[in-house]
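Contents: one structure, followed by commentary.
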Amino acid sequence: KLVEKHGKYHAKGLAVISLSTDKAADAAKVIDFLKKNRATFLNLHMPLDAAAQKALQEKFAYENAIPHAVLFGKTGERVWAGHPMDPKLTPI
């Protein structure tokens, strides 16, 4: 779903960034998954420790749900957070 949104709205200014919190040993699996799904947007990897978990919860409203999507307005304010298949995400 995010790959579709990226393809459809990238030219209009939508920036999609993925973040993997998988263990470093699983990096190859993550890369294979992203390639298989044609995720050409920016993909980051950050192993999850207590500080990272707290930061994700505060900034991105992350509640340990995978996948998790967050939308920010042009000025950087968080305007939505949730599952990328949530129907509320469809209108963007």
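Things to note:
- For His83, distant residues with modelled amide H under 5 Å away: Ala69
- Sum of side-chain charges, Gly7 neighbourhood, beta-carbon under 13 Å (Lys, Arg +1; Asp, Glu -1): +4
- Reported value for the chain: 100 Å³ per residue, from the convex hull of its C-alpha atoms.
- Net charge contributed by nearby residues that have their C-beta within less than 15 Å of Ala52 (K/R +1, D/E -1): -1
- Heavy-atom surface analysis with a 1.4 Å probe gives the chain a carbon and sulfur content of 59 percent of its accessible area.
- Residues with amide H under 5 Å from that of Asn43, placed H, sequence gap 5 or more: Ser18
- Within the chain, DSSP assigns beta bridges of which about 50% are antiparallel (rounded to the nearest 5).
- Scanning residues 5 or more positions from Phe72 or on other chains, those with amide H under 5 Å from its amide H are Val79, with H placed 1.01 Å from N in the peptide plane.
- The mean accessible area for residues of the chain, using a 1.4 Å probe and ignoring ligands and nucleic acids, is 75 Å² per residue.
- Rounded to whole numbers, the Karplus 3J(HN,Hα) couplings from phi for segment 19-28 are 10, 9, 10, 5, 4, 4, 5, 9, 4, 4 Hz, using 6.51 cos²θ - 1.76 cosθ + 1.60 with θ = phi - 60°, and x at Gly and Pro.
The values are calculated or read from the model by the stated rules, or taken from the named source; none is laboratory data. The structure presented is a predicted model; accordingly, all values stated were derived computationally and were not measured. For neighbour counting, all protein chains shown are included, and Cβ atoms are generated from backbone atoms with ideal geometry for every residue, glycine included. Calculation scope for accessible area: heavy atoms of the full protein, side chains included, ligands and nucleic acids excluded. Shrake-Rupley method; radii C 1.70, N 1.55, O 1.52, S 1.80 Å.
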